[in-house]
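Only one structure is covered here, and it is reproduced in the block below.
The values are calculated or read from the model by the stated rules, or taken from the named source; none is laboratory data. Source: prediction; values computed, not measured. Glycine also receives a Cβ, built like all others from the backbone with ideal geometry; neighbour counts cover every protein chain displayed. Only protein heavy atoms, including side chains, enter the accessible area calculation; ligands, DNA and RNA are left aside. Shrake-Rupley method; radii C 1.70, N 1.55, O 1.52, S 1.80 Å.
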Amino acid sequence: MSLLEVASLARSFGGLRAVDGVSFSAEKNRITSVIGPNGAGKTTLFNLIAGSLEPDSGTVLFDGEDITGMKPFRVARRGMARTFQAIKLSRRMTALENVMIGRHVRSRAGFPQAMLASPWARREERRIREEAMKAIELLGIAEYAGRETGSLPFGVQRSVELARAIASEPKLLLLDEPASGLNIRETVGLAELIGRIRAEGISILLVEHDMSLVMDISDEIAVLNFGRKIAQGKPREIQSNREVVDIYLGEDDD
Amino acid sequence: MRRFATVLLIAVCAFALPPLLTALKAAFLLTQLTMAAYYALASLGLCALMGYAGQISMGQAGFFAIGGYASAYLSTRNLAAASGDPLVGGLDALGLLSRGADAYGNPSLSLSPWIAALCAILLAILVAVLIGIPVLKLKGHYLAMATLGFGIVIEKIARGTPALGGADGLSCVPAFALLPGLEVTGGRAARAVNFTISWVVLAIGLLALVNLVNSRPGRALRALHDGEEAAGAMGVDTARYKLNVFVLGAAYAAVAGVLLTHYNGSIGPGEANAMKSVRYVAIVAVGGMANLSGTLAAGLLLNFLSLRGVFGSLDDLVFGVMLVAVMLLSPGVRSRR
Ligand SMILES: Nc1ncnc2c1ncn2[C@@H]1O[C@H](COP(=O)(O)OP(=O)(O)OP(=O)(O)O)[C@@H](O)[C@H]1O
Ligand SMILES: [Mg+2]
């Protein structure tokens, strides 16, 4: 059974069919990529999977459970984490604090325990901090841990967001254009990092425009165009697919 | 640790100021400092809600009044005439009633202040849940308007209900013995100890919130302030957290309302007035929004000056103008997306 199974998912905005009957699956321990030109519906597809948007029709199965239309926080609790195309961090919190929010689903202290600072809550808080630091070190941004996030360079902010997602120890990690805005050196680092994340047992669903990155690391690729899936296969198959090359790879030479 | 510096300072002042002010022949100031502490406590609750979670409430005075009025009503209502009632008899047998004399010297029988206070706080919490569930779906100025409306309704109820004393409010509210011999009550003899009680309560209230904002739920509140989508994606049940902190803010206001009412021995509908709510908001804004120590300092200072009559007839105006000034001058407030 696949970790994620999307069946006939559809969502329109007014008359625009942003996602139009898309079916695909993402396997455990694999890097599955979704590519397609601007406006193809990739981010909308992510939002439908993660619960930020409700689908008009179709189903999303995650780890054998129907999560269609489920609120994002419930989906997150089931082990799905994500990063956003436009970075969404708490700018006035430190990098470490942001990543500590990633541990929310892995910890339990509520208002009373927190306000009373019970020994149990303090122990849990220490663990949250340690686990968050681990994620920060994995990303190589330990030197920025205590800095306010809004003041950090763009590339570092992307790393903080990624560290936050990883800190939740998800089963599936959704990455929406993680390489956008990164320079070549940073992109190479990202490719290696995504490999390491997968090695930790986290499956990955990736949306990315950087074709060399996608072709390099993906196990499976689905191609969207105008909300429809027009192809799916191994990187090599996608690279040699006539239709894909015509509508997407050909026009885009970055 | 630096985080607890203000808590420590308030706790030290709670015990150091009475002898100090007495030595300086300024012990009369303790009265206003006590009242200011209770208003500051209500402001702290709002600071958690508004400063940290980013949910504005223009109804904080409503919850203060619910606490004050409910405790005053329950602890002054004479049950002597109903002493044959099995319920009243049962409460009496449990030791939950206290005997005294009314204004005319007739024997009276009423709920003991502890029970009255607890019921008052629970009532405020219940109302906060019932109001919070629908209004917290609103954002920004819609939320401000809805909570403002709530505050206005509470004031109208207080003013229009004969049992609550109408425009006069309730008086002859009995002393509230927190512990045997430790009473929240007015009067010269109890002045110093009541100052200490109020500042210790304030220090405890502050400590709990300092702990909160630096914890898992506190981070969740700050995260939802900065973006509900990202917070939700990290597993934060944003609706639930907003309700929790709304109720917490209401509970702080209610505790403050209860204690100040027993301290003053009375409460009037002015406590529920919309201008009072504006004050709480202004204090949190002047204090720096997500800043507990700042809110505390602003709450103590501004309420103290106001109670001393420093602002004269411009009292409400001062708070209104301050709010406008903070909104215009603070980049942190204005440039928020
Ligand atoms: N909330 C919305 N309301 C209306 N239209 C929307 C909304 N979100 C997306 N769209 C439209 O749906 C289509 C798909 O958008 P989406 O963001 O999913 O594309 P994408 O594949 O992620 O593009 P990009 O590569 O530029 O990020 C676009 O035409 C977009 O304008
Ligand atoms: Mg997109």
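For B:A274, the conditions (1) more than 9 Å from chain A (Cβ to nearest Cβ); (2) touching a Leu at 6+ places or on another chain (Cβ under 9 Å); (3) over 26 Å from B:V7 (Cβ atoms); (4) without any contact (Cβ under 8 Å) to a residue 60 or more places away in the chain are fulfilled apart from (4). When only residues in the range B:17-41 that are of a type in the set (A, V, I, L, M) and farther than 30 Å from B:E271 by Cα count, which is surrounded by the most Cβ atoms within 10 Å (Cβ to Cβ)? Looking at residues that are of a type in the set (A, V, I, L, M) and farther than 30 Å from B:E271 by Cα, I get B:L20.
If you go through the range A:49-85 and keep only what is over 13 Å from the mean Cα position of the chain (by Cα), within 16 Å of ligand 1 (Cβ to nearest atom) and of a type in the set (A, V, I, L, M), you end up with A:L53, A:V60.
Here is the figure for the range B:52-63: residues that are within 15 Å of B:A208 (Cβ to Cβ) and open to solvent by less than 10 Å² (accessible area, probe 1.4 Å) total 0. In the range A:188-227, the qualifying residues are those that are acidic (D, E) and within 14 Å of ligand 2 (Cβ to nearest atom), and the one that is nearest to the other protein chains (Cβ to nearest Cβ) is A:E208. Among the residues of the range A:16-36, the ones that are open to solvent by 20 Å² or more (accessible area, probe 1.4 Å) and either within 14 Å of another protein chain (Cβ to nearest Cβ) or within 15 Å of ligand 1 (Cβ to nearest atom) (or both) come to 4 in all.
Give just the number: which of (1) within 18 Å of B:T147 (Cβ to Cβ); (2) open to solvent by 10 Å² or more (accessible area, probe 1.4 Å); (3) more than 7 Å from every other protein chain (Cβ to nearest Cβ) does B:A253 not satisfy? Failing condition for B:A253: (2).
For the range A:67-122, filtering for residues that are of a type in the set (K, R), under 11 Å from B:A230 (Cα atoms) and buried (at least 24 other Cβ atoms within 10 Å of the Cβ) leaves 1.
Per this entry, A:L89 is counted among residues that are under 18 Å from the mean Cα position of the chain (by Cα), more than 16 Å from ligand 1 (Cβ to nearest atom) and either more than 10 Å from chain B (Cβ to nearest Cβ) or modelled with pLDDT of 95 or more (or both). In this structure, is A:S12 under 13 Å from A:F226 (Cβ atoms), away from ligand 2 (no atom under 16 Å from the Cβ) and either over 17 Å from the mean Cα position of the chain (by Cα) or not in a loop (DSSP other than H, G, I, E, B) (or both)? Taking the combined requirement at face value, the residue satisfies it. For the range B:169-195, enumerate the residues that are touching a residue at least 24 places away in the same chain (Cβ under 8 Å) and under 13 Å from B:G265 (Cβ atoms). The answer is B:G169, B:L170, B:S171, B:C172, B:V173, B:P174, B:A175, B:F176, B:V184, B:T185, B:G186, B:N194. Among the residues of the range A:38-67, just one is within 14 Å of another protein chain (Cβ to nearest Cβ), away from ligand 2 (no atom under 16 Å from the Cβ) and within 18 Å of A:G15 (Cα to Cα), namely A:E54. For the range B:196-229, the set of residues classified as more than 8 Å from chain A (Cβ to nearest Cβ) and closer than 22 Å to A:F84 by Cβ consists of B:L221, B:L224, B:E228, listed by residue number. Selection of the range A:68-82 for residues being part of a loop (DSSP other than H, G, I, E, B) and facing chain B (nearest Cβ under 9 Å) yields only A:K71. When restricted to residues that are more than 16 Å from ligand 2 (Cβ to nearest atom), within 14 Å of chain B (Cβ to nearest Cβ) and acidic (D, E), the range A:137-187 contains 2.
Taking the conditions (1) within 16 Å of B:M50 (Cα to Cα); (2) small (G, A, S); (3) within 14 Å of chain A (Cβ to nearest Cβ) in turn, B:A233 satisfies each one other than (1).
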